[in-house]
1. Here is a list: 421, 450. Which entry is in a loop (DSSP other than H, G, I, E, B), among the basic types (Lys, Arg) and free of Cβ contacts under 8 Å to residues at least 12 places away in the same chain?
2. I need a count of the residues in the stretch 440-452 that are crowded, with 20+ Cβ neighbours inside 10 Å and of a type outside the set (A, V, I, L, M, F, W, C).
3. Restricting the stretch 220-249 to residues that are in contact with a Leu (Cβ under 7 Å, 6 or more places away or on another chain) and within 16 Å of the ligand (Cβ to nearest atom), which is nearest to residue 188 (Cα to Cα)?
4. Is there any pair linking a residue in the stretch 64-87 that is surrounded by 13 or more Cβ atoms within 10 Å (Cβ to Cβ) to one that is of a type in the set (Phe, Trp, Tyr), with Cβ under 6 Å and at least six apart or on different chains, and which?
5. Would you say residue 504 is over 21 Å from the mean Cα position of the chain (by Cα) and at pLDDT 95 or above?
6. Would you pick out the residues in the stretch 227-250 that are open to solvent by 30 Å² or more (accessible area, probe 1.4 Å) and assigned to a helix (DSSP H, G or I)?
7. So if I check each of 283, 253, which one is part of a loop (DSSP other than H, G, I, E, B), under 27 Å from residue 380 (Cβ atoms), modelled with pLDDT of 95 or more and within 16 Å of the ligand (Cβ to nearest atom)?
8. Please specify each residue of the stretch 69-95 satisfying the condition of being under 30 Å from residue 350 (Cα atoms) and among the hydrophobic types (A, V, I, L, M, F, W, C).
Amino acid sequence: MKLYSQEILDDLCDDAAELDLLVSQMKDLMVGYVNEGRKPGAIVVEHKPPEELKKLIDLDLPYAGIGIPGLMPMLQNILRYSVNSWNPGFMDKLYAGTNPVGVVTEMLIALLNANSHVYHVSPVLTLMEDCVSEKLAKLLGMGERSGGITCPGGAFSNQLAMLTARNYLFPEIKTKGYCNLGKKLTVFTSSAGHYSVEKTGMALGLGLDNIIKVPCDDQGRMRPDELERLIIQSLERKETPFFINATAGTTVLGAFDPLKEIGKIAKRYNLWFHVDGSWGGSLVFSDKRKHLIEGSSLADTFVLNPHKLLGTPLQCSFILASDRRIFKQTNSLGAQYLFHEDSKYDLGDGTVGCGRRPDAIKLFIGWKIYGILGYKKRIEHAFKMAEYLTNLVKNNSKFKMVLEDPPNLQVCFWYIPEGMKILDREENENEKKYQIWKEQMALVTKEIHKRLRERGRFLFDYSPLVLNGKELPSFFRVVINAPSINEHYLDELVKEVERAGEGVLKYLEENKNFQNGLRSENHNTNGIRNMNGNGYVNYNGVLGKIGIANGNSTNNNEINDFIIANIIN
Ligand SMILES: Cc1ncc(COP(=O)(O)O)c(C=O)c1O
């Protein structure tokens, strides 16, 4: 076999034989990997810090190639230390593992190595992109002329949306830049919106200060009254508001901004209405859930990522417009060496890129295989599982939900270890007490997260959040997405958090006392109070931190007195 492989590799023309060999070897590797991820008790990742991992994978790039015989061990090693997203315990991000059709479609894309910038090099794939974009836009109710294209990811799609809006509304900027515009353009997005909106403001030269954050309500949704107030304020400052980004499914809590109300405000003030439905837009496939994105029909542009909720392989992101011609109309430079005719099917001309992956066919083929019914089933299953986990968490006194009834598929909660409690309303309103509690809870969450990651059985993330003006301590965000998640996994997940949480408070107290091997004698008072280099204090086993988050300074004496009076007792 070895000899045969090397011969093939040496003969650079015998691609078919080489592919035959590689694909047949890959088949076992791939199927074995998927099986591995689904074994009961399988770990999602064998977590290693970078320095350790560097010793386990061969990062040397050779002069003489390793040949096919060296390939398989290398691939095995890559799989071994990578995150196995086929494992239902992977609940870390808004995407989950893909599906077998997804893998095959990626293989097809690689096989064709087609570039979907111009029709004549990717005729079939271009028509499929055009067709599936139009179907999506029509499902969203965006009108007769609607349609779109793909972009490499949700963030880039948001960027193209804002660029398109800016070029459409202020075409002179395309040629003359901002210098002679004499206008300060402003953009509105919620405080829970994705950072790509701000990055776009940065990239387009609008300035971060001109991306105006609209406050959210206590469920993490943009407040339309605040949006209108801020637009009016911006107008009073003689600025030029031009773009509203509403989010259908926020990144952390999964909240849905009220699209209908926001859309009406956009029309009232003549602003571009963009919806970032990267995460929640896919609910359009579910009759039962699509009311959550009601108002999508009002959008000028709408972003939807099948690589998140629909399980197509990364990346697969659509930017849709009520008028599909707008991308070319606003962004084309008509580079004649590439775009020879004015063909509506040369899709690359509507973007700011050149070469493009034919990502759309991943949804096209998935849709063909599963149908709207298949996607609907997938979505319904995910909601059922999210509800199951929510109930498990709600009925366990060691946990506390961030939102009692999650609007979407993110189940967000704290684990409250023994020795800590949930603050009551009065304590919550006491700013100092709250800050201390918040710091403690954040430490607990991070430590448990570290332990969970090291065990590797489940992988889910944590996040801090400002909700309704209040800084929340970091909490766990479990994303329910993969169809392979079932009740058993979720029971296990809760148990795993409980196991990881055992003794966490004690561990943190001890660890903080001796962090960096330093016990600060200076701060040791009456044997009850120790302070480490990071400003954490330990009062008879209750951890606190001096100083308010975000670098606001605090009178330490005041806090000390408070702690001694209220916590030690
Ligand atoms: C609401 C929202 N918009 C945009 C993005 C960016 O998507 P991508 O990672 O595909 O660029 C995300 C990512 O999670 C998101 O949650």
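The values are calculated or read from the model by the stated rules, or taken from the named source; none is laboratory data. Bear in mind the structure is a predicted one, so any value in this text is a computation, not a measurement. Here Cβ is always computed from backbone atoms with ideal geometry, including for glycine, and neighbour counts include all displayed protein chains. Surface areas here come from the heavy atoms of the whole protein model, side chains and all, with no ligands, DNA or RNA. Shrake-Rupley method; radii C 1.70, N 1.55, O 1.52, S 1.80 Å.
1. Result: 421 is the single residue among 421, 450 that is in a loop (DSSP other than H, G, I, E, B), among the basic types (Lys, Arg) and free of Cβ contacts under 8 Å to residues at least 12 places away in the same chain.
2. Of the residues in the stretch 440-452, 2 are crowded, with 20+ Cβ neighbours inside 10 Å and of a type outside the set (A, V, I, L, M, F, W, C).
3. The residue in question is 244.
4. From the stretch 64-87, the pairs are 79/33.
5. no
6. 228, 229, 232, 233, 235, 236
7. Checking each option against the conditions leaves just 253.
8. Within the stretch 69-95, 94 is the sole residue that qualifies.
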